[in-house]
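**Student:** Quick one: this structure, given as structure tokens, is what I'll be asking you about.
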Ligand SMILES: Cc1ncc(COP(=O)(O)O)c(C=O)c1O
């Protein structure tokens, strides 16, 4: 390998990602503009049908963001102040934020460091009389270990809301896709997601008809029929322009996933052949690989655990390589959750992930040369 000091490797290259589809997307947006149907029109209906089919669910309801998807999901389950919801301490803020916004209590669990997902062994001992639900997060594009989670939920009469914001299309086992296994699944279409729109957007999916219908009503202030409110909802709607963008992009999602998976495979090969797995770099290894799951890990992120992480990030930046720290502060260390009474040291594996994880560029348009340059640069740093 030769060092190419002029090479740039951004964390994500949305310009390259959208370039081949630019004409088609602009045409679709023009169609919305000309129709003047901006809210809950045919584009959103089409997207909902496509995502339901893609995720193997009966219902899909377009919402304003992944954060609102989590909030609406918990509202649909009638979460009340004082209720408890078990979540991992290591995720994007919205997972626990949605629980707290409804006055309920996030009850935190540590993670399994080999997947960054909730440590299933911790869940049962956290259950109290007040526990209402579990929110497993399918972090970085890999499903949490859903079989035991669903068994625990069934045993204790708990609801399961899947935070699938980063994992649309990921499979846990044959045909069982992210979002389709619990009571409600939540997706985000934030631009950096594998299926991202041109602004904010999200979606919930559900198998149960009553829940699906309730979620649909909730996104328009609980109004049904119009101006009559049996329940209190919010304005959680996905707009037509975002749906139009997503309808164009969804057709390509599987091919992008395949490229992300190929990139992950190549990284792993390059890191191993450079011997970096022996120099303190922990590579992501999918571990719940169930039979027949084609899209087992969809690599929204490719996350290493590395020594001298902050220095390494700065070194990479100097060499033109983007990287990111997801997530530097676990929920139990967040100032806004101090009232929950956790302390540093309560969740050592999440703390280890927070202090040593580094996400590398993994986007579909990444070239082999760029990947070689990333690995070579990390090798140079660790020398
Ligand atoms: C795990 C997780 N949950 C929830 C969200 C919230 O989604 P959004 O940014 O669309 O509100 C995100 C996205 O950033 C996420 O990564």
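The values are calculated or read from the model by the stated rules, or taken from the named source; none is laboratory data. Keep in mind that what you see is a predicted model, and the values were worked out from it rather than measured. Glycine gets a Cβ as well: all are built from the backbone with ideal geometry, and neighbour counts include every protein chain shown.
**Student:** Just for region 150-171: of the residues that are in contact (Cβ under 8 Å) with a residue 12 or more places away in the chain and more than 16 Å from the ligand (Cβ to nearest atom), which one is farthest from residue 51 (Cα to Cα)? Talk me through it step by step, then tell me what you get.
**Tutor:** Going through region 150-171, the residues in contact (Cβ under 8 Å) with a residue 12 or more places away in the chain turn out to be 150, 152-153, 156, 158-171.
Applying the additional criterion that residues be more than 16 Å from the ligand (Cβ to nearest atom) yields 150, 152-153, 156, 158-159, 171.
On the way: 150: 23, 152: 28, 153: 26, 156: 30, 158: 26, 159: 22, 171: 14 Å.
Once the filter is applied, the top-ranked residue is 156.
**Student:** Any residue that is away from the ligand (no atom under 16 Å from the Cβ), within 30 Å of residue 333 (Cα to Cα), surrounded by fewer than 18 Cβ atoms within 10 Å (Cβ to Cβ) and in the same structural domain as residue 207 (by TED's automatic domain parsing) - is there at least one of those in region 67-79?
**Tutor:** yes
**Student:** Which numbered condition trips up residue 11, out of (1) within 16 Å of the ligand (Cβ to nearest atom); (2) in a loop (DSSP other than H, G, I, E, B); (3) assigned by TED's automatic domain parsing to the domain that holds residue 218?
**Tutor:** Unmet for residue 11, out of (1) within 16 Å of the ligand (Cβ to nearest atom); (2) in a loop (DSSP other than H, G, I, E, B); (3) assigned by TED's automatic domain parsing to the domain that holds residue 218: (3).
**Student:** Residue under question is residue 133, and the condition is that it be closer than 24 Å to residue 362 by Cβ and either within 15 Å of the ligand (Cβ to nearest atom) or not assigned by TED's automatic domain parsing to the domain that holds residue 359 (or both); does it hold?
**Tutor:** No; evaluated as a whole, the condition is false for this residue.
**Student:** Sticking with this one: Within region 233-274, track down each residue that is outside any helix (DSSP H, G or I) and free of Cβ contacts under 8 Å to residues at least 40 places away in the same chain.
**Tutor:** Within region 233-274, 251 is the sole residue that qualifies.
**Student:** So which residues in region 314-345 are touching a residue at least 40 places away in the same chain (Cβ under 8 Å) and within 24 Å of residue 95 (Cβ to Cβ)?
**Tutor:** 323, 324, 326, 327, 330, 331, 332, 334, 336, 337, 340, 342
**Student:** What number goes with the only condition from (1) surrounded by fewer than 23 Cβ atoms within 10 Å (Cβ to Cβ); (2) more than 30 Å from residue 32 (Cα to Cα); (3) at pLDDT 95 or above that residue 239 does not pass?
**Tutor:** (2)
**Student:** Still on this structure: Kindly indicate which of 366, 316, 349, 360 is surrounded by fewer than 20 Cβ atoms within 10 Å (Cβ to Cβ) and on the phi < 0 side of the Ramachandran plot.
**Tutor:** The match here is 349.
**Student:** State all residues of region 110-130 that are surrounded by fewer than 22 Cβ atoms within 10 Å (Cβ to Cβ) and within 15 Å of the ligand (Cβ to nearest atom); if no residue qualifies, say none. Break it down stepwise before answering.
**Tutor:** First, pick out the residues of region 110-130 that are surrounded by fewer than 22 Cβ atoms within 10 Å (Cβ to Cβ): 112-115, 119-122, 124-130.
115, the sole residue that qualifies.
**Student:** I'm trying to understand the selection: among the residues of region 86-99, which are closer than 18 Å to residue 128 by Cβ, in a helix (DSSP H, G or I) and either away from the ligand (no atom under 14 Å from the Cβ) or touching a helix residue (DSSP H, G or I) at 6+ places or on another chain (Cβ under 6 Å) (or both)?
**Tutor:** 96
**Student:** Given (1) outside any loop (DSSP other than H, G, I, E, B); (2) free of Cβ contacts under 8 Å to residues at least 12 places away in the same chain, identify the lone condition not met by residue 371.
**Tutor:** With respect to (1) outside any loop (DSSP other than H, G, I, E, B); (2) free of Cβ contacts under 8 Å to residues at least 12 places away in the same chain, residue 371 is out only on (2).
**Student:** I've got another one for you. Looking at region 178-206, which of its residues are assigned to a strand (DSSP E or B), more than 9 Å from the ligand (Cβ to nearest atom) and within 12 Å of residue 250 (Cβ to Cβ)?
**Tutor:** 203
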